[in-house]
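What follows is a set of notes on a single structure, which appears directly below.
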Amino acid sequence: YSFTVNNTRDYQYFSKKLYIYDSEYINYMNGKLYYKNGQYTKSFSSFSRLLSRKNLYFMESSYYAGMINLYYYRNFKKAVVNFKNVEESDYKNIYSVMSGLELAKIYAEKNKKTLSREILDRIENSDVSAKHILKARNLKEYYGYE
């Protein structure tokens, strides 16, 4: 409940008590709460704990860590690593699609247009939501790939 209503203080109190039972879940929820509240340093710390090995929250954590690296820390190299961790899987997971879109933007801005276009083509031709196909098409048009 505290997470849903964005009550950080109460959430932290209860999460500390639950940490010993499921630390991965608590780190994941902490990361999401901090991200939602704009506390990106704390969010990154929580998500980073989940990136040391594959787990249930690896893909989502890697996506959010990539977003923080890209837009908060402005570290393109680390963002690419985070997004590649997710994007190289299949496009059945929403985070792999969103990571692919972010990677395509990074590659286009770094003048690696071939890589960017390949990713956008894969997203456009995959079985994902129409929203993400439209985003891929819009990026292709924006970068002049059409």
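Tabulated results
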{"quantity": "Residue list for segment 29-47, filter: within 24 Å of Glu88 (Cα to Cα) and surrounded by fewer than 17 Cβ atoms within 10 Å (Cβ to Cβ)", "calculated": "Ser45"}
{"quantity": "Residue selected from segment 87-116 under the condition in a loop (DSSP other than H, G, I, E, B) and open to solvent by less than 60 Å² (accessible area, probe 1.4 Å), by the criterion farthest from Ser62 (Cα to Cα)", "calculated": "Tyr91"}
{"quantity": "Cβ-Cβ under 7 Å pairs, at least 6 apart or on other chains, segment 32-59 side within 19 Å of Asn75 (Cα to Cα), far side assigned to a helix (DSSP H, G or I) and open to solvent by 50 Å² or more (accessible area, probe 1.4 Å)", "calculated": "Ser43/Tyr35"}
{"quantity": "Test: residue in segment 55-69 that is within 23 Å of Glu24 (Cα to Cα), surrounded by fewer than 17 Cβ atoms within 10 Å (Cβ to Cβ) and modelled with pLDDT under 95", "calculated": "yes"}
{"quantity": "Test for Lys77: is it basic (Lys, Arg), open to solvent by 30 Å² or more (accessible area, probe 1.4 Å) and part of a loop (DSSP other than H, G, I, E, B)", "calculated": "no"}
{"quantity": "Every pair of residues 6+ apart whose Cβ atoms lie under 6 Å, when the first sits in segment 116-142 and is in contact (Cβ under 8 Å) with a residue 12 or more places away in the chain while the second is of a type in the set (Phe, Trp, Tyr)", "calculated": "Ser116/Tyr107; Arg117/Tyr145; Ser126/Tyr91; Val128/Tyr91"}
{"quantity": "Residue in segment 61-79 that is more than 16 Å from Ser99 (Cα to Cα) and touching a Gly at 6+ places or on another chain (Cβ under 6 Å) present", "calculated": "no"}
{"quantity": "Residue count for segment 120-129, restricted to those that are modelled with pLDDT of 95 or more and open to solvent by less than 40 Å² (accessible area, probe 1.4 Å)", "calculated": "1"}
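The values are calculated or read from the model by the stated rules, or taken from the named source; none is laboratory data. From a predicted model like this one, the values you see are computed outputs, not experimental measurements. Quick reminder, even Gly has a Cβ in these numbers, built from the backbone with ideal geometry, and neighbours come from all protein chains shown. Only protein heavy atoms, including side chains, enter the accessible area calculation; ligands, DNA and RNA are left aside. Shrake-Rupley method; radii C 1.70, N 1.55, O 1.52, S 1.80 Å.
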